[in-house]
Amino acid sequence: MPRRTDIHSICLIGSGPIVIGQAAEFDYAGCQALKVLREDGYRTIVVNSNPATIMTDPGFADRTYLEPLDLEGVSSVLRRERPDALLPTMGGGTALNLARELDGSGILDELGIELIGANIDAINRAEDRELFKHTVEGCGLKVPTSRIVTSVDDLVGVSLPAVVRPAFTLGGHGGGFADTPEQLRNQVERGLSESPISQVLVEESVRGWDEFELEVVRDTSDNVVIVCSIENLDPMGVHTGDSVTVAPQMTLPDEAYQELRNAAIAVIRAVGVDTGGSNIQFARDR
Amino acid sequence: MSAMLVLEDGATFSGTSVGAAGFAFGEAVFTTSMSGYQEVATDPSFEGQLVCFTAPMVGNYGVATERSESRRPHARAVLMREARGPQWTDWLHEHGVVGLTGVDTRSLVLHLRDQGSMRAAVVTGDEDSPDEVLAAVREQPAMAGAALVAGVSTKEQYTFAADGAVRVAVVDYGCKRSILRRLAANGAAVDVFPHDVDADTVATYDGVLLSPGPGDPAPLTAEATVVQELLGRTPVLGVCLGHQLLAVATGHGTFKLPFGHRGANHPVLDRRTNKVLVTSQNHGFAVAADDHRSVTHSSLYDDTVEGLDYPDLRARSAQFHPEASPGPHDAASIIGDWVEGLKAVA
């Protein structure tokens, strides 16, 4: 991929505190990105609220800001530094959601800052569960039946067991399983209060299915590479962050593995991740 | 039962026999495909070879008849870090394939990568001394110069798919079933011919696919002559050995690669679009290109020729395996597009 000559300075958003779903891999990804961007002669600016990361050590970026990862904190950095581009794809869900907020506030347009790595539509397709569902179904893949719920009054006819996923929370925070109507009501109440937009997805449960992950990288020429396959020894229902995993996958026949590979490629293209990696997780009923 | 692998340079590797008892001579090679062990063992292109898997465990998901790429195994032995049974190891037993587990496959692969693929023997039991085995290995013929297609080709013509929008003849130099399946799935009627079919017989078809196969293309002068006679009369698609025969027929030389390309993750550049295909590969020889205008694909590992196109002759080819099995489907459209092209003029 050739170097872009129309941008000169790039601001990278870190992932903040280490939590399940956003662990040290994002610090590593950010460090590597800063190294490569500096080697290519770009002026780099990093914002991260976590001073215990390597990326905030002296020497990784031209300017380092230890600021809260919120609209106000990052906006002030952008106003001061006036970068040409903002790179939100190295900081996990924190950075992606912050990019949506920044875009919504109008500051990126105002300062003429381009989102690179993924545009706002791609971020929305990846982070918004309903959009993601439509995108995935558009690739001919199946997703668990589900409905968007904004009130505990929307639960009539939900089949159990179900899983409750609050919108825009990290690592599934505030979500959980429900086997009975009472549990469902409690989970949804909790999820609505955890979600910054008071929205949850109530979804058919695939607990107990096999879980596989593919690490996928795409570039602006639409080349896609599968970095590796990962097999979770613990089934769906045990969070990936708690699950023992093996790479590469060791129990799928080639034809089944290629089906996942083709699906992962279709998803990364449909979501529209232009540069960089994605972790795509599959549940598979054996 | 203990077992050992003896390479022609005198290196030995120990293991435990989990397949058929006895000994197997062949060329020691390695494949980096992480899945598809049964497809590998039954791929005729592995005829006369002792195949080391870099995959750390082999056999986890058992065996299934529909995964066999031909009627019988062609790898003479499989060398594994950890074989998993019982289905896979029973299958090795039943089919007479020598199998070793507990082999230090990392060292073996590094050795083959540095020293090149070489003649070798696997011996089960402890009756033979390494020196005796080594002496026997050094009496075996080398892979360079080996004409192996007659031993794996069909003896009789047969029909794989009777109905289709176009009629395709496949010349079987050691064809994989998944090539026939892909042709049929794309709407072609498929007849399969022995390796020594004459040009007139297949020239009447809407297209001819030159199949993959084992061994060195250089001694296959009769087959290359038939390809030469065929060019221009009907569209031709060469795959793997078929690609090499097309190259020979159009005046290219071939040469032996030091340790070959075998695996399911070989990046290939499509020079026309600058796109990268991740491909399934299995070849020990390659085409020497003096005429780069005809080269459509090249390996991003060693820049060797991976595809040719002769529009005037309506002939094209791929060194890699668009049919995959095992491996990625990135290049599947090569077969599909070719059949569509035949339909357009049929």
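Assorted remarks:
- Cα-based Rg / Dmax (Å) for chain B: 19.7, 63
- Translational diffusion of region A:162-286, estimated by Stokes-Einstein from the Kirkwood radius over alpha carbon pairs at 37 °C in a medium of 0.692 mPa s, is 206 µm² per second.
- Neighbour counting of Cβ atoms within 10 Å sorts the residues B:Phe23, B:Phe13, fewest neighbours leading, into B:Phe23, B:Phe13.
- Relative to the longest principal axis of the Cα atoms of chain A, the long axis of helix A:25-39 lies at roughly 30 degrees.
- Oblate is the label for region A:9-116. Its Cα gyration tensor axes, ordered a ≥ b ≥ c, give a/c of at least 1.5 and b/c at or above a/b.
- Region B:239-301 - Kirkwood radius from inverse mean 1/r over Cα pairs (Å): 12.3
- Rg and Dmax [Cα atoms of region B:149-345; Å; Rg one decimal, Dmax integer]: 15.0, 43
- Chain A: translational diffusion in µm²/s, Stokes-Einstein, Kirkwood Rh over Cα pairs, 4 °C, 1.567 mPa s: 65
- Taking every C-alpha pair closer than 8 Å and separated by at least 6 residues, the mean separation divided by the residue count of region A:15-55 gives a relative contact order of 52 percent.
- Evaluated at q = 0.11, 0.13, 0.24 Å⁻¹, the base-10 log of the normalised Debye intensity for region B:238-346, with identical point scatterers placed on the Cα atoms, takes the values -0.31, -0.43, -1.48.
- 17 Å reach of a label modelled at A:Glu114, 7 Å along Cα-to-Cβ, counting backbone N of region A:75-91: A:82-89
- Counting neighbouring beta carbons within 10 Å and listing from fewest to most, the residues A:Phe282, A:Phe26 come out as A:Phe282, A:Phe26.
- Taking a ≥ b ≥ c as the square roots of the eigenvalues of the Cα gyration tensor, region A:39-102 is rounded, since a/c falls below 1.5.
- Modelled spin labels at A:Leu233 and A:Arg207, positioned 7 Å past Cα toward Cβ, are 2.2 nm from each other.
- Nearest 10 degrees, 0 to 90: helix A:129-138 Cα axis against chain A principal axis: 80
- Every Cα-Cα pair of region B:2-137 was included, and the share exceeding 26 Å stands at 13 percent.
- Between A:Glu259 and A:His134, residue separation times 0.36 nm minus the direct Cα-Cα distance comes to 43.0 nm.
- Anisotropy class of region A:236-286 from Cα gyration tensor, a/c 1.5 cut: oblate
- Modelled label positions at B:Gln140 and B:Glu127, each set 7 Å beyond Cα in the direction of Cβ, lie 1.9 nm from each other.
- Charge sum, other residues only, whose C-beta stays under 9 Å from B:Thr279's C-beta, Lys/Arg counted +1 and Asp/Glu -1: -2
- Label-to-label distance, nm, for residues given as A:Thr5 and B:Ala346 (7 Å Cα→Cβ offset): 5.0
- Inter-part distance where region A:159-192 and region B:147-202 are each reduced to a Cα centre, Å: 56
- Burial ordering of A:Thr94, B:Thr221, B:Thr89, fewest other beta-carbon atoms within 10 Å first: B:Thr221, B:Thr89, A:Thr94
- Taking only alpha carbon atoms, the protein assembly as shown gives an Rg to Rh ratio of 1.03, where Rh is the Kirkwood radius.
Read-outs: derived from the displayed coordinates by stated rules, not from any lab. Quantities reported herein were computed from a predicted structural model and do not represent experimental measurements. Cβ sites come from the backbone with ideal geometry, for glycine too, and all protein chains shown count toward neighbours.
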